Amino acid sequence: MPLPNLDMDALRSLVAILHLGGLARAAERIGRSPSAISQQMRKLELQLGEPLFRKQGRRVVLTEAGDRVHAYARRILELNDEAVHAVRGAAIDGTVRFGLPGDFAESWLPMALGQFRKAYPAVRVDVLVEPNRLLLERLDRGELDLVLAMNQGGRADAKRLATLPMTWIGPAGTGEVVRSATVLDLALYQPPCFFRQAGTAALDRAGIAWRPAFVTASLHSLWAGVAAGLGITVRTGADLPPSLMRLDERHGLPSLPGVDLCLHTAPGPPSAALTHLRQAVREQARTHLGQAG
């Protein structure tokens, strides 16, 4: 008896349900109705002869068979997408100069760029990591084609990917931070820096005295200074090193605003290579940050 060919769309829906945390969210992301997604899951169960979901209180979770199918589904979809991209991508070439801040240079973006390179082997991506302000200056001078930057949503070329919460950051295991009759030590970037401005302004409004105890121009040294207890800092909290932790009102600190993460493209008609890289960054941001449109 021949084995059934599993429905690729159904496998993609299954992965989306697990990634997004529910059938309704998966249906919205994929562009199908919840009932259509439910039918896809029933079809998979009929093809496999095993239930994929079971009730656990009010929640619906994967069965052992469902968990196994989910692992295979991810591999099948990765191979499918890699094959499609490899064939389509072979016809696209050129160079894209891409700038990004250090906050994302060691997290999900390098992996996304590696996947893009596999999908579009003839496209050369030159990556530059610098502070937001310098990246946009380079974009305006024609030295970059695409920039990922924070706190620049007022520019005409800004396309918002997400609004990220700013957070106070201190060494792992930090207890109370603000104590009466003491001055709060801060680890800060050199000015101008919008994180520095937002943090110090919040402290001033709360009447908390502070001093710049550790000042640097490098994210690596900023993390090292905070981990060593030389001062707390303000960033987005994205992909923090394990030596650090987020701090909040429970530590005696004031609340902070959010910051927009935007893509900025050089003026003029974009090349095919630039268009595809921009879309790849959007998709990865949607996956990892959850808000990109």
| note | From fewest to most C-beta neighbours within 10 Å, the residues 116, 53 line up as 53, 116
| query | Quick one: 193, 262, fewest Cβ neighbours within 10 Å first, how do they rank? | reply | 193, 262
| message | Can you give the Rg/Rh ratio of the range 142-293, where Rg is from the C-alpha atoms and Rh is the Kirkwood radius? | response | 1.04
| query | Say each of residue 272 and residue 79 gets a label point 7 Å from the Cα, pointing the same way as Cα to Cβ; how far apart are those two points in nm? | reply | 2.8 nm
| query | If only Cα atoms are counted, what is the Rg of the range 167-256, and what is its Dmax, in Å? | reply | 11.7, 33
| note | Kirkwood Rh over alpha-carbon pairs of the range 1-107 plugged into Stokes-Einstein at 37 °C, 0.692 mPa s gives a D in µm²/s of 203 µm²/s
| So, by mean Cβ neighbours within 10 angstrom, what's the order for 207-218, 222-233 with the highest one leading? | 222-233, 207-218
| request: Tell me what the chain gives for mean residue ellipticity at 222 nm when only DSSP H runs of n ≥ 4 count, each as -39,500 (n - 2.57), the sum divided by the residue total, rounded to 500 deg cm²/dmol. | output: -13500 deg cm²/dmol
| field | For 251, 276, order by how many other beta-carbon atoms lie within 10 Å, fewest first | value | 251, 276
| For the range 142-216, how big is Rg over Rh, using alpha carbon atoms and the Kirkwood form of Rh? | 1.06
| message | Sorted from largest to smallest, which semi-axis lengths in Å does the alpha carbon gyration tensor of the chain give for its equivalent ellipsoid, taking the root of 5 times each eigenvalue? | response | 41, 28, 15
| request: Starting from the amide H of residue 168, placed 1.01 Å from N in the peptide plane, find each other amide H under 5 Å away whose residue is 5 or more places distant or on another chain. | output: 247
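Read the figures in this text as sums done on the coordinates, not as results from a lab. Keep in mind that this is a model prediction, so the values were computed, not measured. Ideal geometry is used to build each Cβ from the backbone, glycine not excepted, and the neighbour counts take in all protein chains shown.
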